[in-house]
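Structure first, then comments.
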Amino acid sequence: MRILIAEDDATSRTVLQRTLEKLGYAVTAAHDGFEALALFVRDQPAVVITDWMMPRMDGLELCRRIRTNICHDRYTYLIVLTVLGGKRNYLDAMDAGTDDFITKPFDPAELVTRLRVAERILGMGATLRYCETLLDCCPSCQRVTRPDGRRATLRQVAAEAVQQRPPAPCPDCQRQAAGRGVSGARATA
């Protein structure tokens, strides 16, 4: 997974970059928001970790611009890394489009946890994009055509399908459950 970091403090940037690289991530580093935005457009990273307070363009403005970037066709997970704490700052970061907020100095274990969340969310997005390609999905509104010709979101179509036919264990799981003497209903638990 590619990660872009934006940090104006050289020492903090080096520590963060080395930590991420030791974890096996491909990292690109920028010294401010302007450089980070250019690298974002060029590289399209999956995750951006940005300091909040930087010269020229701060981290929240970077997040706002990434969220409005029309050239980017997939979700980017945004993490703000800052010395600012408190609920008000957390809400300001969320309003700017960030997904997560970590206070400095960062705890490597906390960073790993946040990146695992990012990987899960990005994985679900990739699965959804794949499902959309299998259906007649509009690239603009993300709606699919139902069998009756009406358009609905993929989530609506899936919810209706589950209501009409609740999922059942596959034949392999049913055989395994039967071998253990477990009923079909409990086999899915």
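Details
- When the test is whether a residue is in contact with a helix residue (DSSP H, G or I) (Cβ under 8 Å, 6 or more places away or on another chain) and of a type in the set (Ser, Thr, Tyr), Tyr90 does not pass it.
- Selection of region 52-72 for residues being buried (at least 19 other Cβ atoms within 10 Å of the Cβ) and either more than 24 Å from Ala10 (Cα to Cα) or not aliphatic (A, V, I, L, M) (or both) yields Trp52, Asp58, Gly59, Cys63.
- Every residue from region 73-104 that is farther than 20 Å from Tyr25 by Cα and surrounded by fewer than 14 Cβ atoms within 10 Å (Cβ to Cβ): Asp73, Val83, Gly85, Gly86, Lys87, Arg88, Leu91, Asp95
- Every test in (1) modelled with pLDDT of 90 or more; (2) under 22 Å from Arg129 (Cβ atoms) is passed by Leu60 save one, and that test is (2).
- Checked against the criterion of being closer than 24 Å to Leu128 by Cβ and touching a residue at least 12 places away in the same chain (Cβ under 8 Å), region 25-36 contains one or more residues that satisfy it.
- Residue in region 8-20 that is aliphatic (A, V, I, L, M), over 16 Å from the mean Cα position of the chain (by Cα) and within 30 Å of Gln142 (Cα to Cα) present: no
- Scanning region 145-156 for residues that are within 17 Å of Gly125 (Cα to Cα) and touching a strand residue (DSSP E or B) at 6+ places or on another chain (Cβ under 9 Å) yields Thr153, Leu154, Gln156.
Yes or no, residue by residue, for (1) closer than 18 Å to Asp58 by Cα; (2) hydroxyl-bearing (Ser, Thr, Tyr):
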| site | (1), (2) |
| --- | --- |
| Arg13 | yes, no |
| Thr19 | no, yes |
| Ala29 | yes, no |
| Leu37 | yes, no |
| Ala46 | no, no |
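The values are calculated or read from the model by the stated rules, or taken from the named source; none is laboratory data. All values derive from a computational prediction rather than experimental measurement. Every residue, glycine as well, gets a Cβ built from its backbone with ideal geometry; the counts of neighbours run over all protein chains shown.
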